[in-house]
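The values are calculated or read from the model by the stated rules, or taken from the named source; none is laboratory data. Just so we're clear, the structure is a prediction, and the values are computed from it rather than from any experiment. Please note: Cβ atoms are built from the backbone with ideal geometry, for glycine as well, and neighbour counts cover all protein chains shown. The protein model used for the area step is the full one, side chains on, heavy atoms only, and it has no ligands, DNA or RNA in it. Shrake-Rupley method; radii C 1.70, N 1.55, O 1.52, S 1.80 Å.
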Amino acid sequence: MKRNEIYKLIQEYLKDPPVIIWGSGATIACGLPSMNDLNNMLKAKFSFFDKDSTNLENELGKTKYEPHISEIRKCIWECIAEKDVSFLNNILEKSDTYIGVKKLIEKFTEPHPNILNIITTNYDRVLENTMALNNISYTDGFSGRLLSVFDETLFSEKKKSPFVKLIKVHGSLNWFYINGETRYFHGNNNFEPKIIPPGKNKFQEAFAEPYRTLIQNSDEIIKNSRSLLVVGFGFNDEHLTPQITTKIKKRLPYSYLDKAIN
């Protein structure tokens with residue numbers, strides 16, 4: 001293939017922004033824990049947790065943890081929330097801290113009069129806080145108001161470009177189960193966090209809202225994507241990996257970043 005043909009092909013695939021697949025490896029440089037960090041934390045926290053565990057996803061898939069899943073969920077939430085607050089304080093004190101995250105989002109929103117889709121398995125708010133600080137409009141399916149409920153129509157509303165749709169398929173630190181519904185809430189509290197921990201229970205929990213709608217949306221976005229940018233995603237998630245690998249096998253252009261974006 002000649003050089004000018006390659007350039008034309010690249011331009012064709014970049015008419016629309018790539019769909020960004022954002023995994024836990026993307027935020028390690030921001031001070032957030034890795035899966036291995038969470039695995040070690042649970043080993044130190046709970047006597048019932050297998051001290052020989054080396055793979056958190058596989059370990060929490062064991063049936064012996066089912067009676068403990070609520071306390072495991074809360075512990076994971078607390079660990080990530082602590083680091084999430086530290087990240088927010090850092091960018092508030094010095095706005096150019098971790099500027100790579102801001103540049104990445106702006107790279108694909110500024111030149112395109114389009115919607116940028118980011119699909120993530122992360123619970124943290126690195127993306128939300130970065131976008132809010134830099135006046136980048138986005139939705140995660142909630143209005144952002146205290147105690148607001150999930151509204152899938154927010155993903156389909158026509159917005160002024162640039163605009164980011166953030167699809168958090170496993171929940172978020174600021175989603176809680178309150179009075180029988182998933183609601184947007186700030187801070188630590190006694191409500192149950194609405195995050196799906198690693199392990200086989202993911203499939204059971206994913207049938208409930210808003211996860212079912214979020215996963216359906218992510219499947220549709222990946223299916224219709226013209227290109228992918230995969231950042232820090234380990235291809236271990238059984239919700240997203242089949243859709244992504246199917247597209248890649250069909251020769252969808254993609255780039256994979258496994259280094260720190262800082």
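Side notes on the structure shown:
- Sparse-neighbourhood loop sites, chymotrypsin sites (Phe, Trp or Tyr not before Pro) in the range 205-245 - DSSP loop, at most 16 other Cβ within 10 angstrom: Phe207, Phe235
- Principal axis dimensions, largest first and in whole angstrom, of the range 43-156 by Cα: 51, 35, 26
- Think of the range 179-250 as having a plus end and a minus end, set by charges on the Cβ of Lys, Arg, Asp and Glu; of Asn236, Tyr184, Asn224, Asn224 sits farthest toward the positive end of this dipole.
- For the chain, DSSP calls about 30 percent of its internal beta bridges antiparallel.
- Total charge dipole magnitude, the chain, about the Cα centre, Cβ charges on Lys, Arg, Asp, Glu only, Debye to nearest 20: 880
- Only Lys, Arg (+1) and Asp, Glu (-1) charged, at Cβ; the range 182-222 dipole about Cα centre in debye: 140
- Surface exposure of the chain, expressed per residue as accessible area with a 1.4 Å probe, stands at 52 Å².
- J(HN,Hα) series, the range 165-170, from Karplus relation 6.51 cos²θ - 1.76 cosθ + 1.60, nearest Hz, glycine and proline x: 9, 9, 9, 9, 5, 10
- Cβ-derived FRET efficiency at R0 41 Å, Phe203 paired with Asp37, nearest 0.05: 0.95
- Three-way shape label, the range 77-225, alpha-carbon gyration tensor, a/c 1.5: oblate
- On a per residue basis, the convex hull of the C-alpha atoms belonging to the chain measures out at 140 Å³.
- Counting protein heavy atoms only, the range 173-239 has 47 percent of its accessible area on carbon and sulfur, 1.4 angstrom probe.
- Where labels lie 7 Å past Cα in the beta-carbon direction, separation of Leu154 and Phe235 in nm: 3.3
- The relative contact order of the chain, computed from alpha carbon pairs under 8 Å that lie at least 6 residues apart in sequence, is 28 percent.
- Low-density loop cleavage sites - chymotrypsin sites (Phe, Trp or Tyr not before Pro) in the range 84-151, where at most 13 other Cβ are within 10 Å (DSSP): none
- Longest site-free stretch - the chain; sites: trypsin sites (Lys or Arg not before Pro), DSSP loop, at most 16 other Cβ within 10 Å: 95-144
- 26 Å Cα-Cα threshold exceeded, pairs from Lys45/Lys194; Lys103/Lys200; Lys43/Lys202; Lys103/Lys250; Lys74/Lys249: Lys103/Lys200; Lys103/Lys250; Lys74/Lys249
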